[in-house]
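The values are calculated or read from the model by the stated rules, or taken from the named source; none is laboratory data. Keep in mind the model is a prediction, meaning the values are calculated, not measured. Neighbour counts are summed over all protein chains in view; Cβ atoms, including those assigned to glycine, are modelled from backbone coordinates with ideal geometry.
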Amino acid sequence: MPLSFLLIVGFSFFALLGPGQLAAYSVIIVNPSFEDPGLIQGTWTDGTVPGWEVFYPDQPETPQNAGVWHPFIGRGSDYFKPVPHGNQVAWTYAGASISQTLSETVKPGLTYILEVYVASWYYDRTNYEVALLAGDTTVASRTSDVSPYKEFEPVRLAYTADGTHAGQPLTILLKNNFYTGEHLEGIWGYGSEFDLVTLAAVPLPPAAWLFASGFLGLVALRRLRSG
Ligand SMILES: [Ca+2]
């Protein structure tokens, strides 16, 4: 279910509850769907993702092992289904990451909900990491040894800001951790791919947010069943 839909139903629900100055907004992210630069299908960039910083820990002076990719879609292709948005994704490989420090700074009282779609075109045991940082501090993260294979799935993280990091810039980090052959003999790296990064700023604590989402899910389910 797209986050935008959840937001709409979530705030419809709170609007029903009573008056309030609720104002959720989407934080601006540069090149959030990796459609820039537009590439010919089957080609990719290596070391550049416009708007994002590429970091490869083994050779930090030389950005590489991450880029923009225009894959093939369909049975026997890179992915089974179209990518979440547009035609292109970001790829990361062998421990490389991409990150973007946003113009948005931490505002206490807001909950930031990061959503990004993740897949691995090659292997379902790829280890990926998605993180949100406030200044230099990781405030929300997810790592997984299992990746959605050839089909993108959303990952969501939430961070409710208190005063600790007020005014510090937010950074989104998307990383592949599986490299150096420690995991599988003779194979030194598998990649992780990402698409459609969104960051919503919501004036609700996460408990209320989860309650609203769950409540609306139940309502939707009942309507489906009775309909
Ligand atoms: Ca895209």
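Overview of results
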read-out: Output for region 79-99, where each listed residue is under 12 Å from Trp52 (Cβ atoms) and away from the ligand (no atom under 12 Å from the Cβ); value: Thr92, Ala96, Ser97, Ile98, Ser99
read-out: Any hit, region 114-129, residues being over 14 Å from Asn176 (Cα atoms), at pLDDT 95 or above and surrounded by fewer than 17 Cβ atoms within 10 Å (Cβ to Cβ); value: no
read-out: Candidate set: region 104-147, residues that are acidic (Asp, Glu) and touching a residue at least 12 places away in the same chain (Cβ under 8 Å); chosen: the one nearest to Tyr93 (Cα to Cα); value: Glu129
read-out: Within region 46-78, considering residues that are of a type in the set (Ser, Thr, Tyr) and farther than 19 Å from Val197 by Cα, the one farthest from the ligand (Cβ to nearest atom); value: Thr62
read-out: Among the residues listed as Val9, Val27, the single one being modelled with pLDDT under 55 and either touching a Leu at 6+ places or on another chain (Cβ under 9 Å) or within 16 Å of the ligand (Cβ to nearest atom) (or both); value: Val9
read-out: Region 93-105, subset of a type in the set (A, V, I, L, M, F, W, C) and surrounded by fewer than 23 Cβ atoms within 10 Å (Cβ to Cβ), residue nearest to Tyr159 (Cα to Cα); value: Leu102
